[in-house]
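Data block below; observations after.
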Amino acid sequence: MELTLHPFIQNILNSASNELFQCLLLFVFSLMPVTECRLTIPFGILVFGLPWYIVLPICVLSNALIGVFLVLALDKLIIIFSKVNILKTIIDKLIVSSKGKYKKYNRFKSSGLLLFVGIPFPGTGAWTGALISYVIGLQKGLSMISIVQGVILSGIIMTILSLSGKAIIL
């Protein structure tokens, strides 16, 4: 089975032969909600062939930065975007979905947030963690610490899994 990518993505990857450009791509992709560390760390190690000690800090730093930014700005962004009816509907659905995903962690508050962000499952991560901290009204400082720790945990888990996968493949 061969992996086929969108031609635009394929062109970017073909031009990513420079290690600095690869690191920049990892940094940018780690900022995005779908990719975060869960995709960028294996991608950097297995596809780009970069050493884990370069990939891990780049991806964790980038993902932690977006998590902290979101904790600081989310309340303002939600107010702005809620003024548009279509976006308000989407935001309301995201908030309800986040509450549902976080229910089993709620009694642990910041420790639960750390685990929620740190365990690399679909729908978890810094983006959802920031939204959850907003929804449950967790202090911003505590939220930022928990999200950064969770991103570090997720990065370590994904690095170990990527290196294990690389050892099995090779």
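The values are calculated or read from the model by the stated rules, or taken from the named source; none is laboratory data. None of these values were measured; they are calculated from a predicted model. Using ideal geometry, Cβ is built from the backbone for each residue, glycine included, and neighbour counts are taken over all protein chains shown. When the accessible area is computed, the model is the full protein with side chains, heavy atoms only, and any ligands, DNA or RNA have been set aside. Shrake-Rupley method; radii C 1.70, N 1.55, O 1.52, S 1.80 Å.
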Screening 39, 72, 114 for residues that are assigned to a helix (DSSP H, G or I) and more than 22 Å from residue 145 (Cβ to Cβ) leaves only 39
Give all pairs with beta carbons closer than 7 Å in which a residue from the stretch 155-170 that is under 20 Å from residue 29 (Cβ atoms) and at pLDDT 95 or above meets a residue that is among the small types (Gly, Ala, Ser) and surrounded by 15 or more Cβ atoms within 10 Å (Cβ to Cβ); count only pairs at least 6 apart in sequence or on separate chains. none
For the subset of the stretch 49-69 comprising residues that are assigned to a loop (DSSP other than H, G, I, E, B) and either among the charged types (D, E, K, R) or open to solvent by 30 Å² or more (accessible area, probe 1.4 Å) (or both), which member is nearest to residue 119 (Cα to Cα)? 51
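Hey, any hits in the stretch 79-96 for a residue that's under 19 Å from residue 147 (Cβ atoms), part of a helix (DSSP H, G or I), free of Cβ contacts under 8 Å to residues at least 12 places away in the same chain and out of contact with any His (no Cβ under 8 Å at 6 or more places or on another chain)?
So in the stretch 79-96, the residues under 19 Å from residue 147 (Cβ atoms) come out as 94-95.
When the remaining residues are screened for being part of a helix (DSSP H, G or I), the result is 94-95.
Okay, now just the ones that are also free of Cβ contacts under 8 Å to residues at least 12 places away in the same chain, so none.
Within the stretch 79-96 (the criterion being under 19 Å from residue 147 (Cβ atoms), part of a helix (DSSP H, G or I), free of Cβ contacts under 8 Å to residues at least 12 places away in the same chain and out of contact with any His (no Cβ under 8 Å at 6 or more places or on another chain)), the answer is no, since none of the residues qualifies.
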So for the stretch 136-145 (the condition being polar (S, T, N, Q), farther than 16 Å from residue 36 by Cβ and outside any loop (DSSP other than H, G, I, E, B)), does at least one residue qualify? yes
